[in-house]
Amino acid sequence: MTSIAFGTVLLCYLAAVSLALPGWSPAKIAGLVAVSLFYGYGFIAWRTTQYRWIAHALILTAQIMAFAASLTNGGLTGYVAPMQIIAPLAAGFFLTSRSAIIYGAVSVGFFGLLLVFDINGWVSPTPYSAEAERVAALFLLSTTTVLGLVCVIGFVRALERMLVAARQA
């Protein structure tokens, strides 16, 4: 359910951003690929019980998508880079604290790569006006907040299920 929720929230974000920032961009294409993968992970979770692997795939996909989209939208100073923050939070909620630390280190690594790419001139500036960028940032921050809530709600529900199972045992 979380994977489908991530896909739906990202799809809503892409639709809203497309209104503010018309036209196709590599970031939007990366977003659509991520939406497709998120829905695919949800389907796989529905058909199997490989939740841990699906959680890893979901988080890593989100990180790679945010990195790829950042390369064509201003790098570290663009409006997409903050999406990296979701990865360690989701890992902490759905996996383990060790996973959260590892995904946090991967996020820092991606930030470092964005810095190196920016220093070498390999990052494209955001192709939109400052006003459109502000609107996109508003949508992104709102989406990030919703995704954070999805993580918290998913964690609480999992905790409640474990508590019920423990009481029954």
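Tell me the label-point distance for the pair residue 142, residue 85, using the 7 Å Cα-to-Cβ offset, in nm and rounded to one decimal.
With each label point 7 Å from Cα toward Cβ, the separation is 1.7 nm.
Quick one: if you take sqrt(5λ) for each eigenvalue of the C-alpha gyration tensor of region 1-99, what semi-axes come out, biggest first, whole angstrom?
Here the semi-axes work out to 24, 16, 10 Å.
Can you pull the percent of the chain's accessible area that's carbon plus sulfur, 1.4 Å probe, other chains left in place?
With neighbouring chains kept in place, the figure for the chain is 73 percent.
Considering Cα pairs under 8 angstrom that are at least six residues apart, work out the relative contact order of the chain and quote it in whole percent.
It rounds to 27 percent for the chain.
So how much slack lies between residue 60 and residue 132, counting 0.36 nm per residue of separation and subtracting their Cα-Cα distance, in nm?
Here the answer is 23.1 nm.
In deg cm²/dmol and to the nearest 500, what is the mean residue ellipticity at 222 nm of the chain if only DSSP H runs of at least 4 residues count, each as -39500 (n - 2.57), divided by the residue total?
For the chain, the value works out to -27500 deg cm²/dmol.
Quick check for you: with a 1.4 Å probe and neighbouring chains kept, what is the accessible area per residue of region 17-140, in Å²?
Solvent-accessible surface per residue comes out at 53 Å².
Give me Rg over Rh for region 49-120, both radii from the alpha carbons and Rh done the Kirkwood way, two decimal places.
Here Rg/Rh amounts to 1.02.
How high is the FRET efficiency between residue 47 and residue 8 when r is their beta carbon distance and R₀ equals 25 Å, given to the nearest 0.05?
0.85
The values are calculated or read from the model by the stated rules, or taken from the named source; none is laboratory data. All values reported here derive from a predicted model rather than from experimental measurement. With ideal geometry, Cβ positions are generated from the backbone for all residues, glycine too; neighbour counts draw on all protein chains shown. Note: accessible area is taken over every heavy atom of the protein model, side chains too, but ligands, DNA and RNA are not part of it. Shrake-Rupley method; radii C 1.70, N 1.55, O 1.52, S 1.80 Å.
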